[in-house]
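Asks: I have a structure I would like to understand better, so I am pasting it below and will then ask my questions one at a time.
The values are calculated or read from the model by the stated rules, or taken from the named source; none is laboratory data. Just so it is clear, the model here is predicted, and its values are computed rather than measured. We place every Cβ from the backbone using ideal geometry, glycine too, and count neighbours over all the protein chains shown. We work out accessible area using only protein heavy atoms, side chains counted, and drop any ligands, DNA or RNA first. Shrake-Rupley method; radii C 1.70, N 1.55, O 1.52, S 1.80 Å.
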Amino acid sequence: MHSASGVVATPELGIGTFQHWYENRHDYAREWKERTGRKIVGAFCTYVPEEIVYAGGMITVRVLGGHEPQDVTEPHIFGMYCPFCRDCLAQGLKGRYDYFDGIVLAHSCLHFRQTYDSWRLHIGAGFDYYLPMPNQVQSPHARTYYRGELAKFKAFMEEQLGRELSDADLDRGIAVINENRRLLRQIYEYRKRPNPPVTGLECMYMAITAQFVDKSEHNQALRAAIAEIEAGRDVGRGGTIRLMTVGSENDDPDFLNMAESLGATIVIDDQCAGSRSFWNELVPQADRLQAIADRYCDRPACPTKDYPERTRFPHVLGLARDWGAQGAIVIQQKFCDPHEGDIKPLREYLENTGVPTVFLEFDATNPIGPFRIRVEAFLETLRNEDLFGDDDDGLF
Ligand code: SF4
């Protein structure tokens, strides 16, 4: 069904809403602007402090790829940058995000920095802001430094708005976004059940759409989804092999659909398209900007920000154990150096602590056939381990 402006209308709120929003994300954004008269800020990476943008009545829309072959980025970005950041730039060059009123990058990896710079130069948006979020978040100076940078960002956003952002404005942004994190955590908690009432693909849709849908509307849909689950939803996932996904950005529905068609269920993840983006709530304090700085420094880290201590490893292991994952699919976007540096030690760490792993290198369009063979073989080894136990000589 289409609205007056020809935009695809959102179906009844519930678990199906998220797939609809994912598949019609640009329609949703245009329809939202038309309906609310408010502005949209393109966000490069999940470290963008949404609370400040939301406080000003705008929403952030995370820039995502289109999972389609493209031939438009070569003149702008080197082919050795990760396919995700090139796919994102291609979406911009093809005009898919022409509804942006501004763009913001919170510094994370150099690949995405390249996408942002090229976008600024070759696509443009009403305004652009580079937020130098510290990479060494473990440094004792990181939070004070970042609070200072957030104050500059807030002042910049106030210039765009033509008015000051009050503590009440910030509290409103903090409240709606914290509620979103809480509801997503609640959904993830259901996945601990022996028979998870939601699939990994459905949860990917829920988590990723939170990165571009108005949080107050997303919260309504999450509440409806929780009601569906509480009403006894059963999707027949009992007895399947429980897996987790770990690594670079991954919002490939075809891949998750394939893996879950082989008798496996993805029950948890450690990825920026998933749990990393919402895992920890902001802890309110009088100094709102310090609270925001602390929240983004405390969240489960991207490898770009996880040193000198590798806090990700015990975090990932904890997730695997708490959600009962029998194995992990470790994913790297091709050429993604931040994750590449982690993959070998992380796999060893997981294997040595009882979580078998399989490694897959992702691209903008993934080879589902060959990946199916890899995942099937991995599931076979896990099933055999279940049957015969882990034979130390590594036969299985
Ligand atoms: S996938 Fe890796 S290289 Fe690409 S944007 Fe994310 S962290 Fe950067």
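Asks: With a 10 Å radius around each residue's Cβ, average the other Cβ atoms per peptide and rank 319-330, 176-187, 47-58, highest first.
Replies: The packing order, highest mean first, is 47-58, 319-330, 176-187.
Asks: Now a separate question. Tell me which DSSP H helices of the chain clear both cut-offs, 20 Å or more of axial length from alpha-carbon atoms and a mean Kyte-Doolittle hydropathy of at least -0.5.
Replies: Values: long enough: 142-161 (28 Å, -0.70); 167-190 (34 Å, -0.68); 215-230 (22 Å, -0.62); 337-352 (23 Å, -1.59); 368-388 (29 Å, 0.05).
Answer set is 368-388.
Asks: Take each of the peptides 202-210, 19-27, average the number of other beta-carbon atoms within 10 Å over its residues, and list them starting from the highest.
Replies: Top of the packing list down: 202-210, 19-27.
Asks: On a straight-distance basis, which lysines could pair with K154 in a cross-link, Cα separation under 26 angstrom, same-chain partners fewer than 8 positions away excluded?
Replies: Of all the lysines, those that pass the test against K154 - Cα under 26 Å, at least 8 places apart if same chain - are K33, K39, K215, K305.
Asks: May I pose another question? At 1.4 Å probe size, with every protein chain present, just tell me what the per residue accessible area of the chain comes to in Å².
Replies: With the other protein chains kept in place, the chain gives 39 Å² per residue.
Asks: Quick one: pull the percent of accessible area on the chain belonging to carbon and sulfur, 1.4 Å probe, ligands and nucleic acids left out.
Replies: 51 percent
Asks: May I pose another question? Give the long-range amide H neighbours of Q333: residues separated by 5 or more places, or on another chain, with amide H under 5 Å away, using H modelled in the peptide plane at 1.01 Å from N.
Replies: S248, E249, F362
Asks: A further question on this structure: Given P314, H20, G173, which one lies farthest toward the positive end of the charge dipole of the chain, if we put +1 on the Cβ of every Lys and Arg and -1 on the Cβ of every Asp and Glu?
Replies: G173
Asks: Separate question: Based on the alpha-carbon gyration tensor of the chain, what equivalent-ellipsoid semi-axes (square roots of 5 times the eigenvalues) come out, in whole Å, largest first? If you can, show how the numbers build up before the last one.
Replies: Numbers: eigenvalues 220, 112, 96 Å².
For the chain, the semi-axes come out at 33, 24, 22 Å.
Asks: How much length, in nm to one decimal, is gained on full extension between T36 and R193, taken as 0.36 nm per residue of separation minus their Cα-Cα distance?
Replies: Roughly 52.6 nm would be gained on extension.
Asks: With θ set to phi - 60°, apply the Karplus curve 6.51 cos²θ - 1.76 cosθ + 1.60 along the range 42-47 and write out the HN-Hα couplings as whole Hz, x wherever there is a Gly or Pro.
Replies: x, 10, 9, 5, 8, 8
Asks: Right, here's the next one. Residue farthest toward the positive end of the dipole of the range 46-201, with Cβ of Lys/Arg at +1 and Asp/Glu at -1: which of P49, V104, T115?
Replies: P49
Asks: Let me ask another. Extension gain A231-K94, at 0.36 nm per residue separation less the Cα-Cα distance, in nm?
Replies: 45.0 nm
Asks: Something else about it: Largest first, how would Y145, Y188 line up by accessible area (1.4 Å probe)?
Replies: From most exposed to least exposed: Y145, Y188.
Asks: Continuing with the same structure: Label T353 and E23 with points 7 Å out from Cα along Cα→Cβ: what is the distance between them in nm?
Replies: The modelled label-to-label distance comes out at 3.9 nm.
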